[in-house]
Amino acid sequence: MREFEFESPDSLAGAIQLLESSKGKPLAGGTDLIDHLRTGRVVTDLVVDIKKIPELNVLEINDEGLRLGAAVSCRKICANAEIKQHYPALIDVCSIIGGIQIQSRASVGGNLCNSGAAADSTPALIALGGVCSVTGSSGTREIPVEEFCTGPSQNVLEPGELVTEIKFPLPVGKSSNHYQRFIPRYEMDIAVVGVGASLTLDDSGENITAARVGLGAVAAKPFLAEKVNEFLIGKSVTEATFSEAGEIAKGLISPIDDHRGTVEFRLQVTSVLVKRVLTEAAKRASEKAT
Ligand SMILES: Cc1cc2nc3c(=O)[nH]c(=O)nc-3n(C[C@H](O)[C@H](O)[C@H](O)COP(=O)(O)OP(=O)(O)OC[C@H]3O[C@@H](n4cnc5c(N)ncnc54)[C@H](O)[C@@H]3O)c2cc1C
């Protein structure tokens with residue numbers, strides 16, 4: 001591995017100044033970055049550890065929703081009872097990213113900023129209505145997660161900018177969410193298809209009043225499946241509704257052909273997985289008290 005300097009500032013301003021002046025790379029858990037430095041995919045003279053910055057470690061739920069610091073580890077997220085109650089899709093994601101060692105270091109912010117097309121967290125963050133706070137020397141801007149990635153391993157960040165936190169609205173009434181991926185092996189593999197979904201049901205639990213579906217690994221970047229959302233709103237919670245939603249999702253994707261699966265296979269898996277994820281999200285939502 002090529003040599004680099006290492007800094008570990010404890011303030012956001014200090015980190016931004018270092019990153020701007022040196023074109024350094026931020027390191028949260030390092031579970032992607034260290035590998036990229038080792039293989040030469042990323043070259044830098046300075047790595048800036050961002051784990052000690054308070055703004056990136058916020059983890060707070062209030063009446064408005066969840067504030068999730070970009071550097072909070074997956075393990076910490078999994079251990080949070082309120083996240084489990086309101087945002088179970090985040091637990092679904094954080095408990096499948098690598099094994100326990102990886103989850104102890106890896107952050108959702110790092111998963112998003114790495115911006116892989118098959119990143120597990122991104123479809124779930126999209127489904128949950130996540131909005132990123134991005135801070136640089138010229139201030140802070142807010143970017144919905146579905147607008148953050150711009151292509152494979154690409155995103156809207158300018159040099160020196162950091163994602164500080166991701167905010168999520170509080171699910172109200174009979175609302176819940178779920179994430180699932182399909183992988184060829186049980187663990188330690190990359191999603192062939194990843195689906196996140198949030199559903200809100202009416203008081204009877206029989207009709208859908210709001211829906212957000214995020215799809216990953218089936219296009220150049222994870223995206224919000226708007227046509228699926230539009231279809232679902234006003235529909236009843238039935239197997240037929242979720243099957244049709246799966247068929248609509250198939251029409252929105254542009255998957256690749258590789259050793260993990262053909263285009264035809266990915267189309268089929270997408271339709272099945274969308275149906276399964278919606279079914280589970282609806283089940284979780286119907287169990288919520290109004
Ligand atoms: C064995 C193993 C298994 C894995 N399994 C999975 C898996 O199942 N699913 C999956 O999706 N991924 C998986 N990964 C990839 C990786 O663990 C995740 O993407 C993880 O969430 C990255 O988080 P991190 O905090 O380690 O990011 P880092 O490696 O610290 O950072 C990733 C990238 O984002 C940048 N960055 C980090 N934080 C910020 C920020 N706040 N603002 C701006 N830029 C930032 C870094 O500069 C770097 O370019 C695996 C990796 C390994 C090694």
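Only the coordinates and a few stated rules stand behind these numbers; no lab work does. The shown structure was predicted, so the numbers you read here are calculated from the model rather than taken from an experiment. Glycine gets a Cβ as well: all are built from the backbone with ideal geometry, and neighbour counts include every protein chain shown.
Data for the structure
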quantity: Computed over segment 1-122, Cα set: Rg, Dmax in Å; calculated: 15.0, 47
quantity: Degrees between helix 263-286 axis and first principal axis of the chain (Cα, 0 to 90, nearest 10); calculated: 80
quantity: Volume per residue that the Cα convex hull of segment 62-171 spans, once the total is divided by residue count, Å³; calculated: 95
quantity: Angle in degrees between helix 12-22 and the longest Cα principal axis of the chain, rounded to the nearest 10; calculated: 70
quantity: I233, I143 arranged by Cβ crowding within 10 Å, fewest neighbours leading; calculated: I233, I143
quantity: Selection of trypsin sites (Lys or Arg not before Pro), segment 133-226, meeting DSSP coil and at most 13 other Cβ within 10 Å; calculated: R185
quantity: Total formal charge among the other residues, if their Cβ is under 11 angstrom from that of L33, Lys/Arg +1 and Asp/Glu -1; calculated: +1
quantity: Cβ-placed point charges (K, R +1; D, E -1), dipole of the chain about Cα centre in debye, nearest 20; calculated: 540
quantity: Per DSSP, loop chymotrypsin sites (Phe, Trp or Tyr not before Pro) in segment 155-245 with at most 15 further Cβ within 10 Å; calculated: Y186
quantity: Rotationally averaged projected area of segment 118-160 (alpha carbon convex hull; nm²); calculated: 3.2
quantity: Folded to 0 to 90 degrees: helix 239-250 orientation relative to the chain principal axis, Cα; calculated: 40
quantity: Isotropically averaged projected area of segment 138-278, using the convex hull of Cα atoms (one quarter of hull area), nm²; calculated: 10.0
quantity: Rotationally averaged projected area of segment 5-49 (alpha carbon convex hull; nm²); calculated: 2.9
quantity: Angstrom value of the Kirkwood radius, inverse mean 1/r, which spans all Cα pairs in the chain; calculated: 19.3
